[in-house]
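Only one structure is covered here, and it is reproduced in the block below.
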Amino acid sequence: MDLPRGMRDMESKDYAAIEYVRQKFIETSNLFGFQFMEPSPLELLSVIETKSGPSIKNEIYYFKDKGDREVALRFDFTIGLTRFAVSQKSMRLPAKFSTFGGVWRYDEPQKGRYRFFHQWDVEIYGEPNTESDAEIIDFASKFFSSLKLQNITIDICDRTLVESYVKNIFKTDSPDTIGDILRAMDKIQKKRKSEIIKEYQEKGYSPDDLEKILAFSQVKGMPQEIEKQIDTTTLKNWDKILQLFDSLENRKVKNVRVNFGIVRGLDYYSGIVFEIFDSSSDLGALVGGGRYDTLTRAFGRNDMGATGAAGGVERIVYSLEKQGVVNLAPSSMVWVVFVNEDMKKIAINTASALRLKGIRTEVDLAGKPLKKQMEMASNSKYVIIIAPREYSENLVVIRNMKDGSEKQVKLESVLNDPAASLQF
């Protein structure tokens with residue numbers, strides 16, 4: 001039996017890795033005072049189209065429900081959190097929300113990305129200001145520090161700055177032209193410059209102007225370095241970039257730089273945008289975010305701005321495993337084995353008592369021979385052997401499966417203080 005394309009069954013080891021990321025995310029979320037919640041997994045299609053327009057149908061799962069309403073599975077958390085936030089008329093601002101869970105996208109499956117995958121998300125709603133943008137970037141930076149991920153780079157830009165530069169080069173305010181050129185800039189990460197120029201020259205754009213734009217999109221570095229390369233006094237919102245970097249420096253956020261090639265979500269980002277990369281990985285951005293005040297306005301709240309970020313959990317897990325940063329395997333397990341059928345009930349009772357003490361414990365339920373039980377327990381750290389002669393003296397045998405050493409311990413001691421009894 002086959003699964004639908006782009007889907008997968010998630011095994012225990014997959015969930016262990018995702019749960020590790022989830023716990024670190026919640027810990028960091030609590031440190032920053034975000035309110036943890038989960039927006040509905042099902043949205044009205046009209047609500048989703050508010051963010052991304054009718055063309056979003058090509059990228060999501062949508063259908064008509066039994067009431068003949070057009071609904072869709074959530075493809076990110078921003079839309080649900082924003083829908084919720086704008087509906088809370090008496091909510092005190094700024095309001096900070098975080099969430100973690102599964103999303104569905106009808107994208108082409110690729111390495112590190114299935115059509116159902118997990119995301120984390122943080123959003124701040126309130127009066128637009130630089131400190132809210134800095135708070136989101138600071139959160140992401142500290143979250144990755146808590147995961148102990150290495151080689152992290154945070155690339156920052158400003159959509160208004162880039163759009164004003166495009167308008168100046170191409171002498172136009174046409175949204176279609178600006179959108180076309182931003183898409184060209186976005187492609188520079190994946191295609192050769194000559195290919196992009198040829199593609200857009202065929203659309204009627206000047207090769208010289210395209211050269212200038214693509215060269216601009218490859219400018220990267222700290223603000224002080226960029227000010228030595230180009231005349232930043234002509235760049236709209238450059239002062240906001242400087243304010244943001246000043247705040248990030250004050251927060252001790254490292255590994256940040258300006259990258260004029262970061263444009264992101266062409267449909268709704270309106271200010272600061274950023275992406276976070278693992279420079280040792282080929283999977284692309286682990287996190288994307290920025291300011292999107294246009295979305296809250298589209299939902300009818302002109303008094304509320306918004307800024308946020310979201311990260312792909314499976315991509316983060318890939319980087320964690322590739323870097324060998326942490327051991328994502330479950331903690332050591334204890335097996336309780338029994339020599340004969342008479343000892344089975346006692347073994348099950350012992351396993352149950354250890355679980356009440358918080359010890360991960362397995363026991364054979366099928367009554368297999370002792371040799372088979374020991375094979376099943378071969379990957380555990382300890383095995384507790386219940387045998388008639390020892391049990392008659394209220395003893396059990398504990399074997400350390402790493403070195404094969406054994407000791408006899410009072411069963412009562414094991415049940416009262418298992419952690420002490422299992423130390424060799």
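Read-outs throughout are calculated quantities, based only on the coordinates presented, and are distinct from any laboratory measurement. Since the model is a prediction, treat every value here as computed from it, not as a measurement. Glycine also receives a Cβ, built like all others from the backbone with ideal geometry; neighbour counts cover every protein chain displayed.
Rounded to the nearest 10 degrees, the inclination of helix 207-217 to the longest alpha-carbon principal axis of the chain is 40 degrees. Farthest toward the positive end of the dipole of the chain, out of 151, 343, 62, is the Cα of 343, where the dipole comes from beta carbon charges about the Cα centre. By the rule of a C-alpha distance below 24 Å, with chain neighbours fewer than 8 residues away ignored, the lysines paired with residue 89 are 51.
Taking every DSSP beta bridge that has both residues in the chain, what percent is antiparallel when rounded to the nearest 5? Don't jump to the answer; show the numbers that get you there.
Numbers: 52 of 65 bridges.
Percent antiparallel among DSSP bridges in the chain is about 80.
Using 11 Å as the cut-off for backbone N distance, which residues of segment 407-424 belong to the label zone defined by a point 7 Å from the Cα of residue 387 along Cα→Cβ? Flagged as within label range: 407-408.
Which GluC sites (Glu not before Pro) from segment 197-299 combine a DSSP loop assignment with at most 13 other Cβ atoms within 10 Å?
Here the GluC sites (Glu not before Pro) that fit, given the DSSP loop and packing criteria, are 202.
If you count the DSSP beta bridges with both ends in segment 31-156, what percent of them are antiparallel, to the nearest 5? Restricted to segment 31-156, the bridges split so that about 90 percent are antiparallel.
Annotation: extensible slack from residue 282 through residue 193 equals 30.1 nm (criterion: 0.36 nm per residue apart, minus Cα-Cα distance).
Computed on segment 239-329, with alpha-carbon pairs under 8 angstrom and 6+ residues apart, the relative contact order is 18 percent. About the Cα centre, and with charges only on the beta carbon of Lys, Arg (+1) and Asp, Glu (-1), how big is the dipole of the chain? Nearest 20 debye, please. So the dipole magnitude of the chain works out to roughly 820 debye. Among (1) 73, 47, 40; (2) 93, 57, 47; (3) 63, 49, 33, which one is Cα extents along the principal axes in Å computed from these coordinates? Of the listed options (1) 73, 47, 40; (2) 93, 57, 47; (3) 63, 49, 33, (2) comes from this structure.
Backbone amide hydrogens, once placed in the peptide plane, bring residue 10 within less than 5 Å of nothing, excluding anything fewer than 5 places away on its chain. Using Cα atoms only, what is the angle between the long axis of helix 238-250 and the major principal axis of the chain, expressed in degrees (0 to 90) to the nearest 10? Helix 238-250 and the main axis of the chain meet at about 30 degrees. Once C-alpha pairs closer than 8 Å and six or more residues apart are averaged by separation and normalised to the residue number of segment 93-143, the relative contact order reads 40 percent.
Placing unit charges on the Cβ atoms only, positive for Lys and Arg and negative for Asp and Glu, gives segment 180-280 a dipole magnitude near 300 debye about its Cα centre.
In whole percent, what relative contact order does the chain give with Cα contacts below 8 Å and a gap of six or more residues? Don't skip to the answer; put the middle values down first.
Values: 680 pairs, mean separation 67.1, N = 424.
Once divided by the residue count of the chain, the mean separation gives 16 percent.
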